[in-house]
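Novice: Let me give you the structure first, and then I'll get to my questions.
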Amino acid sequence: MSGLDEISEEERVRIASDFIMAAPPGEFKEVVNDVRILLGDDRLLTRASSVFYDYATEQFTSVKVDGVDCLVTKPGSVDNAKRFVDPTTNKVFTYNFLKNEASEVEDAERDMSVETWREAVQSALKAYLDEVYPAHVSAVYATMNKDNVDLTICLEDHKYNPSNFWNGKWKSKWDVSFPTAGGFGKVTGAMRVQVHYYEDGNVQLLTSKQVDDSIQLSSPVEGARQHRRVHQGSGDRLPARH
């Protein structure tokens, strides 16, 4: 391609990486294929592929693991590369970014000190998520931080319709931290909706919302109910930008 010889390899890799990171939901492989053609050098594409991990985890990419839909996320990353854990099925797997496939599936070790809290939140959210996001995939991660329980809830729901030239995704991430003895807990959330329409044009809608709240809890069940209340009340209105 004319003009590429005037751009350094480092700059070409940076531009290619930016294109990949900007891929609309459901169009990752198509964008990578286009970038490969533009670069005309698989060696440079290999260097740009270092952003595959960031793209997949930021998108909360869903993948089948032993027939169950699971998420690829940073909270679920085992090695900051290609191994991930699904807290619901308690499976660890290797993720192939280009093929969107899981392999080398193994059982993971559960942290039983936080499992009661994790399961309570997961159970409390399930009925609500099944009703509002019928095709959702979610994951509730939990860790113990001294005398605090830290939970991260990741949610993804998408509909891809390339035959009609549009794809869309809703995703949200919630961080909750509270003392194991009960009391007040802090909740922060980030929601994001992205839609791409590309028949006779190229239009993207992107909207996001941040949430800061607190919950009071005395038990795992009560804490889960309180978080569900925050979650339900936060998605009613989202500002849109094109």
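Since every read-out is calculated from the coordinates, none of them should be taken as a lab result. As the structure is a computational prediction, the values presented were derived from the model and not from experiment. Glycine gets a Cβ as well: all are built from the backbone with ideal geometry, and neighbour counts include every protein chain shown.
Novice: Please work out, to two decimal places, the log10 of the ratio I(q)/I(0) at q = 0.22, 0.23, 0.25 Å⁻¹ from a Debye calculation in which every Cα of the stretch 155-242 carries one identical scatterer.
Specialist: The Debye formula, applied to the Cα set alone, gives -1.01, -1.06, -1.17.
Novice: Asn161 to Asp54: extension gain in nm, 0.36 nm per residue of separation minus the Cα-Cα distance?
Specialist: Values: separation 107, 0.36 × 107 = 38.52 nm, distance 2.42 nm.
Additional length available on full extension: 36.1 nm.
Novice: Additional query: What's the longest piece of the chain with no exposed trypsin sites (Lys or Arg not before Pro), counting a site as exposed if DSSP puts it in a loop and it has at most 11 other beta carbons within 10 Å?
Specialist: On the way: sites that count: Lys99, Lys146, Arg237.
Value returned for the longest uninterrupted segment is 1-98.
Novice: Moving to a separate point now. Return the loop-located GluC sites (Glu not before Pro) in the stretch 141-242 (DSSP other than H, G, I, E, B) with at most 13 other Cβ atoms within 10 Å of their own Cβ; answer none if there are none.
Specialist: Working: sites: Glu156, Glu199, Glu222; in loops: Glu199.
Loop-located and lightly packed - Glu199.
Novice: If one puts a single equal scatterer on every Cα of the chain and applies the Debye formula without solvent, what log₁₀ I(q)/I(0) results at q = 0.11, 0.18 Å⁻¹?
Specialist: Cα-only, vacuum Debye calculation for the chain: -0.65, -1.39.
Novice: Enter the per residue convex hull volume of the stretch 79-153, computed from alpha-carbon coordinates, in Å³ rounded to the nearest integer.
Specialist: Values: hull volume 8.2 nm³, N = 75.
For the stretch 79-153, the hull spanned by Cα atoms encloses 109 Å³ per residue.
Novice: Here's another thing I want to ask about it. For the chain, what does the helix formula give at 222 nm: sum of -39500 (n - 2.57) over DSSP H segments with n ≥ 4, over the residue count, nearest 500 deg cm²/dmol?
Specialist: Details: 6 runs with 75 residues, N = 242.
Taking each H run of at least 4 residues, the total per residue is -9500 deg cm²/dmol.
Novice: I would also like to ask the following. For a 32 Å ceiling on Cα separation, which of these pairs sit above it: Lys74/Lys146; Lys99/Lys173; Lys29/Lys186; Lys146/Lys171; Lys29/Lys91? Write out the running numbers ahead of the final one.
Specialist: Values: Lys74/Lys146 22 Å; Lys99/Lys173 25 Å; Lys29/Lys186 38 Å; Lys146/Lys171 30 Å; Lys29/Lys91 26 Å.
As for pairs spanning more than 32 Å Cα to Cα, those are Lys29/Lys186.
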